[in-house]
Every structure is written in structure tokens, then in C-alpha cells.
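The values are calculated or read from the model by the stated rules, or taken from the named source; none is laboratory data. Everything numeric here is computed off the predicted structure, so don't read it as measured data. Quick reminder, even Gly has a Cβ in these numbers, built from the backbone with ideal geometry, and neighbours come from all protein chains shown. Heads up: the accessible areas ignore ligands, DNA and RNA and are worked out on the full protein's heavy atoms, side chains in. Shrake-Rupley method; radii C 1.70, N 1.55, O 1.52, S 1.80 Å.
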Amino acid sequence: LLRRFYPWVVPHRRWIFTGLAMIPIVAGMTTIRPLLVKEAVDVAIPARAATDLRWLALAYFVAVILEFSAQAIQIYSLQRGGHSTIGDLRRDIFRHVLRLPSKFYDTNPVGSLLTRTTSDVEALSETLDIVVEAVRQALLARLEGERATAPTTDDLHASAGLTEEALWRLDVILADEG
């Protein structure tokens, strides 16, 4: 199903890949913070090494700043790429609907066409959001060495069903009506 979105994703792949590239950085910084605290508690504090404790505090601060920055870039990039992709898809669908011959509108009410195209594109958008978030969480969990909290099978089946129905409806609309 996602292969069908590829023509609309290609122009925005730089945003999407930028967001995906931030995942290891976020995971690394999330993983390193507890290790720095462990080092401070187990080594620097018992040894009364103030200099080491300062360096660990500085490293912790840098890790927090890097994690926050990478997470902000990740969220912005993925949202920008996703919204731009959906915007292009919506524009192409409406452009196609507007180019259909007037005979098509004799059998299909305009209000129903607009409602279907809008709701179907929104359903696709929500499905993509779910898929991207599931992939992001799984990658983060894998990189952090934790078990991923993926959506349940029922969630994925419902999402796939909505996507399949929406794509079928879009195929009906985009099919060359004569």
C-alpha cells in the first residue's frame, strides 16, 4: 500500500530522511544520561572528585540539549514531510476531480465527491501517522535496547482496512471516467 504513496513522498524525502536520521541521536542521548548519573553516583561522589562531578554534570547538560535539539528536528522534519506529502496528494486529487468531464458530475453529486476525497485523504493521513510513529518507536526502542510498545494487531488491521478502503475509493475517483 505504501508504494502507491511513493510519487508524493519523493519530493519530500529529504525531510523524512532527516527526521529518521535523528532517531539514533535521540536514542543515544536518552541512553547516555542514566550512564552519566550512574558514573556520578558510583564513582565521582564516593571519591569526592569535584572536578569529575563537574565534567559529568556538563556532559549530562550537553546530552539533554542534544537530545532536545535532535528530537525537535526529528518531529519538525517528519511532520513537515508528512504534511507536505498529504498536501500534494490532496492537491492532485482535487485537480483530477476538477478536470473530470461534466457528464461525470451528472451521476455523482459534487458534495459527495468532495466529502469522500477529503475524508479519504484524512484517513490516509491518520494511517501514515500511525505507521510512522510505530516505526519511530520501534527504532528508538531497538536502539535503546528496550522492547518496543508497538500497536496491537487489531490496531494495525483496522488501520490497514481504513487505508485499503480509502485507496480503493481514491482509485474509483481517479479512474478515467468517460
Handout entry: Rounded percent of accessible protein surface that carbon and sulfur make up, region 1-123, 1.4 Å probe
Key = 66
Problem - Cα pair distances exceeding 13 angstrom across region 6-62, given as percent - result: 68
Fill in the blank from the handout: Expressed in angstrom and ordered largest first, the alpha-carbon extents of region 32-74 along the principal axes are 39, 15, 6
Handout entry: Selection from Tyr6, Val41, Ala63 lying farthest towards where the dipole of region 1-144 points positive, charges on Cβ
Key = Tyr6
Handout entry: Å² per residue, accessible surface of region 86-128 at 1.4 Å
Key = 56
Handout entry: Efficiency of FRET from Cβ geometry, Ala21 and Asn108, R₀ 30 Å, rounded to 0.05
Key = 0.10
Exercise for the section: Could you work out how far the C-alpha centroid of region 1-30 sits from that of region 77-108, in angstrom? Expected result: 23
